[in-house]
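Working notes, beginning with the structure itself.
Readers should treat all values here as calculations from the given coordinates under stated rules, not as data from a laboratory. All values derive from a computational prediction rather than experimental measurement. Every residue, glycine among them, receives a Cβ derived from its backbone with ideal geometry; neighbour counts consider all protein chains shown.
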Amino acid sequence: MIATNREQSGKPATASTKRRSVFLATAALLWADRRARIGIIMLGAFLAVYLFAPWIAPYSPTQGVSISMHGPTFRNWLGTTQSGQDVLSQLIWGSRVSLSVAFLVGIISTILALTVGLIQGTVGGITDQVLGFVSNVFLVLPGLPLIIVVAAYAPARGLSVIVVIIAMTSWAWGSRIYRAQVISLNQRDYVTAARLSGDSNLRIMFHDILPNMSSLVAAHFLGACMTGLLAESGLEFLGLGNPNVVSWGTMLYWAQNDNALPLGQWAWIVAPGLAIALFGMTLALINFGLDGISNPQLREANR
């Protein structure tokens, strides 16, 4: 009995050790790619600004600290706004809202797309047809105009509304990719063996199919994050969000409304635009490493 208990207790430890070794090997491959390594370092910098904004920002983002609309100085590195607020402080605090929306949209969109794609590819039949019809409807709808219309006529304006609208209009294309990948994996011998051994569809989804789609899921998540950031910034720039919230999008909105460029305060509009571009480049660099993990030929070519 003691030996049996030891063997049973040893199985989870062995599986856990195997998963840990796979994770470490994947992380090592990702870090070995030069472009992915730069992207990871840049992402760490963005997350550090996100987490430590109250301690990094020199001033409150809503407090007037100097004369209005002057350019960069030693006291205000990026100048001030029309109300005398420090642009650098707004840029730092704005990362919290903008990155929160980006990551939330990425998580929700990826979960929706992955759930629908796994069910379609694994269950098939009438379920596949119904879910395929729903995803096709979302695919043919024009994304950006739909986001603008829904946001304009939404009864309330806030970050939660923006997150839901963007996520609900950006999941369909990912579900089609996941469905195709699941159908392809279902033809593999190990999946056929699992079915013949009596494994349920749920176990096959999470034990045999999903682990082999990890790089694809991660790449979709990064793309959805960038989509969320761009859509949020666009809605805020058009005045369809909450203009009282400090984000990179609202910075662009107020800079445009207060004629920042004609009045010479170029840093007010360049800083948030550059932050959005750098975050997009960060995700793209990491995605290069993910492509190398999923396709060894690309990894060898990069070397």
*Identify the residues of the range 115-152 with backbone N under 11 Å of a label point that sits 7 angstrom from the Cα of Ala193 along the Cα-to-Cβ direction, or state none.*
none
_Efficiency of FRET from Cβ geometry, Leu146 and Leu29, R₀ 30 Å, rounded to 0.05_ = 0.20
*Going by how many other beta carbons lie within 10 Å of each one, how would you line up Leu196, Leu229, Leu104, fewest first?*
Leu196, Leu104, Leu229
*Within the chain, helix-based [θ] at 222 nm, where runs of 4 or more DSSP H residues each add -39,500 (n - 2.57), nearest 500*: -24500 deg cm²/dmol
*Rank Leu222, Val97, Leu196 by how far each Cα sits towards the positive end of the charge dipole of the chain (+1 on Lys, Arg Cβ; -1 on Asp, Glu Cβ) and give me just the farthest.*
Leu196
_Along each principal axis of its Cα atoms, how long is the chain end to end? Whole angstroms, biggest number first, please._
77, 45, 43
*Specify the residue with the greatest mean-square fluctuation among Thr80, Thr115, Thr192, computed from a Gaussian network of the chain linking alpha-carbon atoms under 10 Å apart.*
Thr192
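Most exposed first by the Cβ proxy, i.e. fewest other Cβ within 10 Å, how do His207, His220, His70 rank?
On the way: His207 13, His220 24, His70 16.
Ranked by crowding around the Cβ, least crowded first: His207, His70, His220.
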*Would you kindly state how much longer the chain becomes between Gln63 and Ser184 on full extension, computed as 0.36 nm times their sequence separation minus their alpha carbon distance, in nm to one decimal?*
37.9 nm
*Under unit Cβ charges (Lys, Arg +1; Asp, Glu -1), what dipole magnitude, rounded to 20 debye, does the chain have relative to its Cα centre?*
760 debye
*Treat the count of other C-beta atoms within 10 Å as a stand-in for reagent exposure and order Trp248, Trp173, Trp93 from fewest to most.*
Trp173, Trp93, Trp248
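Mind giving me the FRET efficiency for Ile107 and Ile41? R0 is 35 Å, r the Cβ-Cβ distance, nearest 0.05 is fine.
0.95
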*Send over the semi-axes of the range 176-288's equivalent ellipsoid, whole angstrom and largest first, taken as the square roots of 5 times the C-alpha gyration tensor eigenvalues.*
47, 14, 9
*Under a 5 Å amide H to amide H cut-off, with H placed in plane at 1.01 Å, what residues pair with Gln85 once short-range neighbours are removed?*
Val65
